[in-house]
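Enquirer: Got a structure here, written out as structure tokens. Questions coming.
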Amino acid sequence: MEEVSFRQVVSRGCGIDVHQKVAVATIGGEALRTQTREFGTTTSSLTEMKEWLLGNGITHVAMESTGVYWKPVYNILEPSGIKVWIVNARHIKYVPGHKTDKQDSAWILKLLLAGLLKPSYVPPKAQRELRDLTRYRNKLVQNVASEKNRIIRILEDCNIKLSSVMSSTSGVTATKLIDKLCDGKIVTREDIDEVYHGKLQCSKDDLYEACQGFITDHHIFLLQAIKRDIESTESIISELSARIKESLSEYDNAMEVLRGIPGLNRKTVEDLIAEIGLDMSVFPTEKHLASWAGMCPGNNESAGKKKSGGVTHGNKQVKAVITEAAWAATRTKNTFYSARYHRLAARRGKKRALIAVGHSILKSVYHVLSGVEEYKELGADYVNQRVEKRRRLYLKRELEKLGYDVQLTQQERQAG
């Protein structure tokens, strides 16, 4: 049996090359033979390393999944038939006394030989492809928002003050006025009368004055170029959405059930399925899923005392999707998540309350996808009812301890 451990090291210093150190252990009978060699990161050096590993009969390689520096090595070793394990660096990082490159590579080797390493979870190919689509779509959506903000900054340069009189520059009214300005037209009072409606907080005069500025040909050129870029990007987003919808067409029933959870819309459900999949057997319990997603606090205990800490590191995309869903759920009316958020935010702050709501949503998603049950709305008074029930039973027990026979009857509450 022969194993290998590999650690990639990046030295950021003047005149220092990026290098790797490899430790190889060969088990022959009862003897353990080790070798340590250093290789460069060029293709020829990595190919030389591969030939050296094959010459020693190596069957397994363990690599830290830090940054993107492991990918060139993985690309060279994968076609050779060597079984490459990409392991989480956090699982092998905090080891006192193993701080040099050679000692780190030898330590990874020992962990691999002892069976203390496990490879990172790699989803099926179809899910990986779906991830590429949803993540690229999210990046393009962010680009569109960035370009729209760029338009607002250019209009501010032209002394157009729409952002000062309107709560949102992404609404229908603001969009129509911005389109006129991007086309080089002067906004008149007739244009204001055409787009104005009663829900706007500003008056017609304020809106008209905010649209008066000094727009040059240079500004018009920039605005039209950005507008074309936005239209092109939105077209690509539509194509991606259609492809994602086609890929998930056979799971419409599961998606419809998930959309019954407050805070989840179609896009959020698509992003969530792309990240965690539909097979919940990968995660033993909902707690494992929350931990993998980084939506639960880490364990930090010493001498029987638990210390407060932040959430664990996890899947950043899942955390972003669930946080977005939690924000949406807090704005729903008469729901358990909304009541939970406002109750916790008063004591623990908005950010902690948001993570708690996201944790509850993720657990609901786990149970729905596991087929245990469909989502059932508990209502905003669920917690208050539980507290009232516990208090009622407590008071009854206390009176019974004093020798009273207690029968509880609920009185009808008078309105007003």
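Enquirer: When DSSP beta bridges are limited to those with both residues in the chain, what percentage is antiparallel, rounded to the nearest 5?
Expert: Roughly 75 percent of the DSSP beta bridges within the chain come out antiparallel.
Enquirer: Rounded to a whole number, what % of the accessible area of segment 182-289 do carbon and sulfur atoms account for, probe 1.4 Å?
Expert: 49 percent
Enquirer: How would Leu393, Leu200 line up by accessible area, probe 1.4 Å, largest first?
Expert: Leu393, Leu200
Enquirer: How many Å² of accessible area per residue for the chain, probe 1.4 Å?
Expert: 62 Å²
Enquirer: Could you pull the Cα extents of the chain along its three principal axes, largest to smallest, in whole Å?
Expert: Projected onto its principal axes, the Cα set of the chain covers 90, 87, 45 Å.
Enquirer: For each pair in Lys180/Lys227; Lys125/Lys267; Lys199/Lys333; Lys351/Lys376; Lys148/Lys316, compute the distance between the two Cα atoms and list the pairs where it is over 18 Å.
Expert: Beyond 18 Å: Lys125/Lys267; Lys199/Lys333; Lys351/Lys376; Lys148/Lys316.
Enquirer: Right, next: Between Asp279 and Ser167, what's the calculated FRET efficiency when r is the beta-carbon distance and R0 is 45 Å? Round to 0.05.
Expert: It comes to 0.55.
Enquirer: Ignoring the sites themselves, what is the longest stretch of the chain with no GluC sites (Glu not before Pro) in a DSSP loop and at most 13 other beta-carbon atoms within 10 Å?
Expert: 31-372
Enquirer: While we're looking at this one, here's another question. Choose one of Ala242, Val195, Leu258: the residue whose Cα lies farthest towards the positive end of the charge dipole of segment 191-325 (beta-carbon charges +1 Lys, Arg; -1 Asp, Glu; about the Cα centre).
Expert: Final value for the positive-end residue is Leu258.
Enquirer: Sequence-distant or interchain residues sharing an amide H contact under 5 Å with Ala89, placed H: which?
Expert: Here Ser65 satisfy the definition.
Enquirer: Which trypsin sites (Lys or Arg not before Pro) in segment 362-403 pass both tests, a DSSP loop state and at most 10 other beta-carbon atoms within 10 Å?
Expert: Sites meeting the loop and neighbour criteria: Lys376.
Enquirer: Return the calculated 222 nm mean residue ellipticity for the chain, to the nearest 500 deg cm²/dmol, obtained by summing -39500 (n - 2.57) across DSSP H runs with n ≥ 4 and dividing by the residue count.
Expert: -17000 deg cm²/dmol
Enquirer: How about segment 217-321: which trypsin sites (Lys or Arg not before Pro) there are in a DSSP loop, with at most 16 other Cβ atoms within 10 Å of their Cβ?
Expert: In loop regions of segment 217-321 (DSSP not H, G, I, E or B), the sparsely surrounded trypsin sites (Lys or Arg not before Pro) are Arg259, Lys307.
The values are calculated or read from the model by the stated rules, or taken from the named source; none is laboratory data. Only a predicted model underlies this, so the values are computations on that prediction, with no experimental measurement involved. Every residue, glycine among them, receives a Cβ derived from its backbone with ideal geometry; neighbour counts consider all protein chains shown. Please note that ligands, DNA and RNA were not included when accessible areas were found on the heavy atoms of the full protein model with its side chains. Shrake-Rupley method; radii C 1.70, N 1.55, O 1.52, S 1.80 Å.
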